[in-house]
Amino acid sequence: MRAAPRLRALQRHLGSSEGRGMEPSSSPLTTHVLDTTSGLPAQGLCLCLSRLEDQGQHWTDLRKSYTNSDGRCPGLLPPGPMKTGTYKLSFDTEGYWKERGQESFYPYVEVVFSITNETHRFHVPLLLSPWSYTTYRGS
C-alpha cells in the first residue's frame, strides 16, 4: 500500500514530468538544488532571480525565495512566456552551509544564463558541496 508515495517521491527526484512542477500553468523557469554531501535535496537555501536591464548596466531583482523540502523553488516566474534577455540565479551557499555548521569555500554561487526563446521552459539544476558546485541546462 505504501508503494504509491514512494513512487511519487522517486519520480520527483528523478525529474519525471509527473510531480516535478512542469504542468502547463507552472513557471517557465525552475531550479533544483541537491546537497551532494548528504545526497539529499538542499532545503532552505536562499536564492534570488535577477534580470540584466538598461543595456547591461544593472541587475533588477525579480524574486527572492527559498528551496522547499525537495530542493526546488516553485513559482520563480509567473506562468507564461519569459522575456528574452540575460538572467541570474544567485544562491546564498554560505548561509546554507553555516546553518549546517559547515565551513565552505564559495560564499555564493551565481549562475548567469541567456534566454533567447521566450516560449521554451528552462531548468537550472545546482549540485552543491562545501567545496564545489556544478550546474547545467536541464530539461
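The values are calculated or read from the model by the stated rules, or taken from the named source; none is laboratory data. Quantities reported herein were computed from a predicted structural model and do not represent experimental measurements. So basically every Cβ, Gly included, is an ideal-geometry build from the backbone, and we count neighbours across all protein chains shown. Accessible surface is based on the protein model in full, side chains and every heavy atom, while ligands, DNA and RNA are left aside. Shrake-Rupley method; radii C 1.70, N 1.55, O 1.52, S 1.80 Å.
Selection of the range 43-92 for residues being closer than 22 Å to residue 107 by Cβ, open to solvent by less than 40 Å² (accessible area, probe 1.4 Å), out of contact with any Ser or Thr (no Cβ under 6 Å at 6 or more places or on another chain) and not in a strand (DSSP E or B) yields 44, 67, 71. With respect to (1) in contact with a Leu (Cβ under 8 Å, 6 or more places away or on another chain); (2) surrounded by fewer than 18 Cβ atoms within 10 Å (Cβ to Cβ), the lone exception for residue 101 is condition (1). Scanning the range 99-117 finds no residues that are modelled with pLDDT of 95 or more, of a type in the set (D, E, K, R) and closer than 14 Å to residue 30 by Cα.
Those residues that are among the aliphatic types (A, V, I, L, M) and in contact with a Cys (Cβ under 8 Å, 6 or more places away or on another chain), I need them from the range 34-61; list them, please.
Residue satisfying the conditions is 47 alone.
Screening the candidates 14, 40 for the property of being among the aliphatic types (A, V, I, L, M), at pLDDT below 85 and open to solvent by 80 Å² or more (accessible area, probe 1.4 Å) yields one hit, 14. I'd like the full set of residues that are touching a Lys or Arg at 6+ places or on another chain (Cβ under 8 Å), within 20 Å of residue 45 (Cα to Cα), open to solvent by less than 30 Å² (accessible area, probe 1.4 Å) and of a type in the set (Val, Ile, Thr), limited to the range 104-139. Result: 111, 124. Which ones in the range 98-113 are under 20 Å from residue 49 (Cα atoms) and in contact (Cβ under 8 Å) with a residue 24 or more places away in the chain? Passing the criteria: 106, 109, 111, 112, 113.
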